[in-house]
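What follows is a single structure, written as C-alpha cells, with notes after it.
Derivation of every value follows stated rules applied to the coordinates shown; laboratory data play no part. Computed from a predicted structure; not experimentally measured. No Cβ is skipped: glycine too gets one built from the backbone with ideal geometry, and neighbour counts run over all protein chains shown.
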Amino acid sequence: MSASARTLGLIRRYRDRLPAYDDDAIVSIGEGGTPLIHAPRLGARLGVDLHLKYEGLNPTGSFKDRGMTTALSAAKQDGAQAVICASTGNTSASAAAYAARAGIRCVVVIPGGKVALGKLAQAQVAGAQVVQIDGSFDDALRMVRVMSEEHPITLVNNLNPYRLEGQKTAAWEIIEDLGHQPEWMCLPVGNGGNITAYWRGFTESHARGDISGLPRMLGAQAEGSAAMVRGEDVLNPETIATAIRIGAPVRREEAGAAAHDSGGGFAAAADREILDWFGHVVRDEGVFCEPSSAASLAGLANARRDGLVPEGAEVVCVLTGNGLKDPDNAIAESAPPVTIPAERDALERIVLGG
Ligand code: F0G
C-alpha cells in the first residue's frame, strides 16, 4: 500500500521536481494534498464554473506550510540555529510550527494589534519568540532583513528562494485534480509571492508537457492596500483583510509579470465586499476561510463586473487560509446565539418559530 499525499508531505511526494534534501533534514507535518472543491452555487453567483483550492486544510491552516517545509528543511540541512520572519500572521504560525519540529529557534516580528487571534495563538504556543512592533508589516520586513543580513539567522519570508519552490506545488495538484489547466486562477495578493509561485508551477508543468496551455492569473487585493492595482506602494495600508495588509510588495516585479504574461490582471475589492464573499462561500458551500482569502472571490466578482473574466469561464480560486484563524471577524459577521431557559417549551418555540 502506498502512502497518501498528506502522509508523504510535499518534499517526498515531488522529490524529482524539487530541490534535493537529505532524508534526515526533511521537516514535514504532512502539508499539501489539499482538496479542490467544485463550488456550483457560489459559481452561479459569479457566473463562472468555480473550483476552490482549500489551502486552509494545511497543517497550520494556510498555504504557507508548502513553503515552510522546503525553507525549514533547507535551514536544517545547512545547520541553521535560528530562523526569523516578519508576518501578518500566517507566516509566523507556519514558521513557528516547522521550526519547532526542526528543533530550530524561531523569532517572528508582527505589526502590533493587526494579527488575527488564531494566528497569534499558534505562534505563541509553538514556542516562537513573538515580537510586536508599533509599525506595519512593511516595517517589520525591513527590520528582519537587516537582522538576517548581519547575523547568522535564516530569513524565512518569501525572499527565501526555497519558499516559492514549495508553494508552486499547489499548481501541480490543481492540474492533477482537474486533469488540465484552468482558464483562470484567482488568488489574494499581498507580497506577490504566492501568485509568483503558482505561475512558476504552471509554466514548469507546461514545459514538461503536462498541460497544453497556461491559465490567466488574476491577483486580488484589498482596496486599502492595493499596491499592484495602483502600480505604486501604499504608504499606510489599511484593511480588514489583515493577512494582505501590505503596502510594498516584495515580489511586485514577478507578480506583475505573472499577471501580464498570462494575459490576466489585478482587481481590488472593498472591505465590505470581501466580508460579503467571506459569508457567501461558507453559506453557499460550507467552506470556511479567513476574510483575506475571500478577497480572491471579491476580486473575481469585480473582475467579472469589469468584463475581465468572461461568463462561464473555468476558474480556480485559492482560499489561502482557514476561517478558524480569525474568530473575531467571523463572530462580528454572524448572528449571535439565542439564549433560552433549559426547558422543552422554550426550545420548541425557537425551533417551530412560535
Ligand atoms: N492570503 C493569506 C491568508 C495570507 O496570509 C497571505 C500572506 C496572502 C494571501 C498573500 O500572499 O504575500 O504571497 O502575496 N501572508 C503573509 C504572512 C504576508 O505574513 O502571513 P503573498
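Summary value for segment 216-354: 22 percent relative contact order, contacts being C-alpha pairs under 8 angstrom separated by 6+ residues. Counting only DSSP beta bridges with both residues in the chain, the antiparallel share comes to about 15 percent. Electrostatic bookkeeping for ARG245 treats Lys and Arg as +1 and Asp and Glu as -1; over the other residues with beta carbon under 9 Å from its beta carbon, the sum is 0. Here's how it looks for GLN132: its modeled amide H is under 5 Å from those of ILE110, which are all 5 or more places away or on a different chain. Couplings 3J(HN,Hα) of segment 192-200, computed from phi: x, x, 5, 5, 5, 5, 4, 4, 5 Hz, in residue order, whole Hz [Karplus 6.51 cos²θ - 1.76 cosθ + 1.60, θ = phi - 60°; x for Gly and Pro]. Per-residue 3J(HN,Hα) values for segment 33-47, derived from phi via the Karplus relation 6.51 cos²θ - 1.76 cosθ + 1.60 with θ = phi - 60°, read x, 7, x, 9, 10, 5, 10, x, 6, 5, x, 5, 4, 9, x Hz in sequence order (x marks Gly and Pro).
With the cut-off at 1.5 for a/c, could you classify segment 33-152 from its C-alpha gyration tensor as rounded, prolate or oblate? Judged from the Cα gyration tensor, segment 33-152 comes out prolate (a/c at least 1.5, a/b above b/c). Report summary: the helix-based calculation at 222 nm, which adds -39500 (n - 2.57) for every DSSP H run with n ≥ 4 and divides by the residues of the chain, gives -13500 deg cm²/dmol.
Put simply, the amide H of PHE266, placed in the peptide plane, has neighbours under 5 Å in GLY219, leaving out anything fewer than 5 places away on its chain. From the square roots a ≥ b ≥ c of the eigenvalues of the alpha-carbon gyration tensor of segment 245-285, which class results: rounded (a/c under 1.5), prolate (a/b over b/c), or oblate? Prolate. Taking other C-beta atoms within 10 angstrom as a stand-in for reagent exposure, ILE11, ILE211, ILE350, ILE195 fall in the order ILE350, ILE211, ILE11, ILE195, fewest first. Neighbours of ALA71 by Cβ distance under 14 Å: Lys/Arg scored +1, Asp/Glu scored -1, total +2.
Straight Cα distances below 14 angstrom link LYS119 to the aspartates and glutamates ASP65, GLU290, ASP326, ASP328, with same-chain residues fewer than 8 positions distant left out. Over segment 17-131, Cα pairs under 8 Å with separation of 6+ residues give a relative contact order of 22 percent. Packing-based ranking of 200-208, 101-109, 289-297 yields 289-297, 101-109, 200-208, ordered from highest to lowest mean Cβ neighbour count within 10 Å. Across all Cα atoms of segment 232-354, the radius of gyration (one decimal) and Dmax (whole number) stand at 19.2, 64 Å. Under a Gaussian network description of the chain, with springs only between Cα atoms under 10 Å, the residue in LEU117, LEU178, LEU214 that fluctuates furthest is LEU178. By the scheme Lys and Arg +1, Asp and Glu -1, what is the net charge of all other residues having a beta-carbon under 14 Å from that of ASN322? Result for the local shell: -1.
Of the peptides 313-320, 263-270, the order by per-residue mean of other Cβ atoms within 10 Å, starting with the highest, comes out as 313-320, 263-270.
The HN-Hα couplings worked out from phi for segment 279-295 by the Karplus form 6.51 cos²θ - 1.76 cosθ + 1.60 (θ = phi - 60°) are x, 4, 5, 7, 7, 7, 10, x, 9, 9, 10, 7, x, 4, 5, 5, 4 Hz, whole numbers, x standing for Gly and Pro. Beta bridges from DSSP with both residues in segment 20-159: antiparallel share about 20 percent, rounded to the nearest 5.
Based on C-alpha pairs under 8 angstrom that are at least 6 apart in sequence, the chain has a relative contact order of 19 percent. Once you have a ≥ b ≥ c as the square roots of the Cα gyration tensor eigenvalues for segment 150-274, tell me rounded if a/c is under 1.5, and otherwise prolate or oblate according to whether a/b is larger than b/c. Because a/c hits 1.5 or more and a/b fails to exceed b/c, segment 150-274 counts as oblate.
When the Cα convex hull of the chain is projected onto planes of every orientation, the mean area is 20.5 nm².
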